[in-house]
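To start, the structure under review is shown below, and the notes come after it.
The values are calculated or read from the model by the stated rules, or taken from the named source; none is laboratory data. Being a predicted model, the structure only gives us computed values, none of them experimental. Here the Cβ positions follow ideal geometry from the backbone for every residue, glycine too, while neighbour counts run over all protein chains shown. Note: areas computed on protein heavy atoms with side chains; ligands, DNA, RNA excluded. Shrake-Rupley method; radii C 1.70, N 1.55, O 1.52, S 1.80 Å.
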Amino acid sequence: MLLSVLYIIGITAEAMTGALSAGRRNMDWFGVMLVASATAIGGGTVRDILLGHYPLGWVKHPEFLAITCLAGVLTTGLAKWIIKLKGVFIRLDALGLVVFTIIGTNVGLSMGLHPFICVVSGLVTGVFGGLLRDLICRQTPLVLHQELYASISVVAACLYLALLEYGISTLVTTVITLIVGYALRMAAVRFKWRLPSFHLEGEEALH
Amino acid sequence: MLLSVLYIIGITAEAMTGALSAGRRNMDWFGVMLVASATAIGGGTVRDILLGHYPLGWVKHPEFLAITCLAGVLTTGLAKWIIKLKGVFIRLDALGLVVFTIIGTNVGLSMGLHPFICVVSGLVTGVFGGLLRDLICRQTPLVLHQELYASISVVAACLYLALLEYGISTLVTTVITLIVGYALRMAAVRFKWRLPSFHLEGEEALH
Amino acid sequence: MLLSVLYIIGITAEAMTGALSAGRRNMDWFGVMLVASATAIGGGTVRDILLGHYPLGWVKHPEFLAITCLAGVLTTGLAKWIIKLKGVFIRLDALGLVVFTIIGTNVGLSMGLHPFICVVSGLVTGVFGGLLRDLICRQTPLVLHQELYASISVVAACLYLALLEYGISTLVTTVITLIVGYALRMAAVRFKWRLPSFHLEGEEALH
C-alpha cells in the first residue's frame, strides 16, 4: 500500500526526467512519451523479461503506462517550472530509486530466487530505466559516471534482505530500507561520493 | 490470408530499407542481414517478448527470417535500382506500417488484453523495427522526428478496435483500416504533417 | 563437462574484454561489471529471451554472473598485463566463440526447433555479447566490420548439426567442431578474411 503510493509518485517523477532528456534531443510527442515510459517503467520491464515474470506490470495495469505517457506530455508544457524544482526532483529520484529497488527485490523473493539474484532484480529495477533513457537519447549512461547510484540500489537490496532474514516485519523492513537508502543517496549527491572509475588510454587493446 | 500476403510484402520491403541503412554504415553482409531482419521482424519480436507471446513468429516460421536475410543480401546488389524506386518504397512502407499494426493489435486481442494494451501492441509491432534499425546504425530514430508515423499506427489500431466493437466483420474492418491508415500516412508524407516537438535548451536540467 | 570447463574459461575471457571496453569509456566499477557481464553472458541471455527458454542460465546458476562481475573488477587492476597478453586473448576469444555457438545450438536442439533456428540460436549466443558491449560503449559493432566472426559461428553450428545428423557421437562432434571452428577463426584473423561489405554513399536514400 505504502509502496503502491510511492511507486506512482516514483514513475511520475522518472517519466518527467525522461521527457526532459527527450526535449534536449528535440523529439516529438511520441518520442517524449516513449522516453518517459522507458525511463519510468523500463527497469521493471527489463527485470520481468530477464526473470520470465509475466505478465509485465504495465500490461496487467495499463494505467501505469497511461500515467507515464501523460506525465511525459505534461512535461513539455511545464519544463521551465520543473527545471526550477530541480531540488525536489533529486529527492523524488532518490526515493524512486529505493522504491523501485525494494519492489524488484520483492519480485525475486516471490519467485524463490537466490538472494544474489534478488539483489540483481532490485538493481535492474532501480537503474535500468535511466540506462534505457540514456541509450535511446544517445548519451553516455549517467549511472556509469555519476555519484553513487547503482551502489545505493545494491546496498538497499542487501539491507532489505538482511532485515527480513533477521525476522523483522515487512513493513518495518520497508520503512528502514527507504530511510537508509534515501539518506545514503542524498549524502552521495551532497558529498559527491563516487565509485572508483577505470581509465584506459588510446591503444586499441584487444580489438 | 490477405494479411499474410501483405505481411510478406511488408517484411521484404522493410528488410530492404534496413539493408540500405546498413550500407550507409559500411557494414558487411552479416551486418546487412542483421539490420534487415531487425527492421523487418524486430517490431513483432519486441511485441512478443513484452507480451510473453511465445514462440516468436520467426521461430515458428523460420521462412520469414530466411526471407528477410535474403532480401537484405539482394539489396546489396540492387541498391541503385531500389533507390530509384523511392516512391514505390514509401508506399510499401506505408502499407507495411498498417499491416504490422493490424497484426500486432490482433495478437493483443487474441491474448484478451485491455484495449489500450492492444493499441500499444499494434504500435510496437508497427514502429519498433525502424527504431531498432536506427539504434543499431546509431542514427537518431527517424520515427521520433519525421512526419506522422507512430501516430498513424495508433489511429489505425484504434479504428480497427472500434470497427470490431461495432460488430463489423474482421475482413471489412481490416480492409477499411488498411485504406484509411495508408491514406493518412501518404497524406502525412505529402503535406509534411508532424507532431509538435519538444525543444529544450542547453542547461543540464535535472542531471 | 568439457563444455562446462570451456564455458567458464570463455565467459572469464569475454568479461575481461568487456571490462577493457568499459575502461576506454572511463566507466566506474558498476559500469565495468555491467559491460563485462553483458559481453560474457549477454549472448546467452538474448538467445534465451528470444526462444522463451526460462530460467536464464545466470538466474539458475548465479555463480556465472558472480564470475563475470569479479573478472571485470580484477581487469581494472590487471589491465596492463592483460593487454600484453593480447595473443592469448585472441585465442581465448576464438575458443569462446565456438564454445558459445555449440552451447546455443544445443539449446535449440533441446527445444526441438528447426535446424535453421538452431543455427541462429548458436549464432546469437556466439556474437550478441560482443554486440551488446559495443552498443553500451557506443562503438560501431566490431562484429559487423572485422575479420570473419559471425560467419565462423554459422559454419561451426552447421558443422555441428551435420555431424550429429550423420550419427556421430556428441563428444566427437563437439571436439571436431571446436577444432575446426577455432582453426577457421584463427586463420581468419591471420589472413584477414572478411565478408564483402556494402558501401552506400551520401544521398538520403529512402528516408
Report the percentage of all Cα-Cα pairs in the stretch B:103-205 whose separation exceeds 19 Å, rounded to a whole percent.
-> 52
Would you kindly find the accessible area of A:Phe191, with a 1.4 Å probe and non-protein molecules such as ligands, DNA and RNA excluded, rounding to the nearest 10 Å²?
-> 130
Per-residue mean of C-beta atoms belonging to partner chains within 10 Å, peptide B:192-199 = 6
Calculated log₁₀ intensity ratio I(q)/I(0) where the Debye formula runs over C-alpha points of the protein assembly as shown, q = 0.06 Å⁻¹ | -0.31
Of the stretch C:1-44, those with amide N under 11 Å from the point 7 Å along the Cα→Cβ vector of A:His199 are C:26
So for R0 = 60 Å, FRET eff. of A:Ile9-B:Lys84 from the Cβ-Cβ r, to 0.05, ends up at 0.65
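Of the peptides B:26-34, A:125-133, how do they stack up when ordered by the mean number of other Cβ atoms within 10 Å, highest first? Provide the component values of the computation, followed by the final result.
Numbers: B:26-34: 24.7, A:125-133: 27.3.
Those peptides, ordered most packed to least, come out A:125-133, B:26-34.
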Label distances, nm, C:Glu165 versus same residue in remaining copies, Cβ-directed 7 Å point | 5.1, 5.1
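What shape does chain B take by its C-alpha gyration tensor, where a ≥ b ≥ c are the square roots of the eigenvalues and a/c under 1.5 counts as rounded, a/b above b/c as prolate, and the rest as oblate? Before the final figure, lay out the partial values.
Details: a/c = 1.43, a/b = 1.16, b/c = 1.23.
Rounded shape, in that the Cα axes give a/c under 1.5.
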Counting other chain Cβ atoms within 10 Å of each Cβ in A:50-59 and taking the mean gives 6
Looking at the axis that maps chain A onto chain B, which chain A residue has the closest Cβ, and how far off is it in Å, rounded to a whole number?
-> A:Ile49, 3
One decimal, nm, shortest first: give the distances between the label point of B:Glu63 and those of the same position in the other copies, each label point 7 Å from Cα along Cα→Cβ.
-> 4.6, 4.6
Between copies, how far does the label point of C:Val5 sit from its twins, in nm, shortest first, when each point is 7 Å from Cα along Cα→Cβ?
-> 6.0, 6.0
Average beta carbon contacts from partner chains per residue of C:19-26, 10 Å cutoff | 6
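Going through the cross-link list C:Lys60/C:Lys84; B:Lys86/B:Lys192; B:Lys80/C:Lys192; C:Lys60/C:Lys86; A:Lys84/A:Lys192, which pairs have a Cα-Cα distance over 25 Å in this structure? Mind showing how you got there, number by number?
Numbers: C:Lys60/C:Lys84 35 Å; B:Lys86/B:Lys192 17 Å; B:Lys80/C:Lys192 29 Å; C:Lys60/C:Lys86 32 Å; A:Lys84/A:Lys192 21 Å.
Over 25 Å apart, Cα to Cα: C:Lys60/C:Lys84; B:Lys80/C:Lys192; C:Lys60/C:Lys86.
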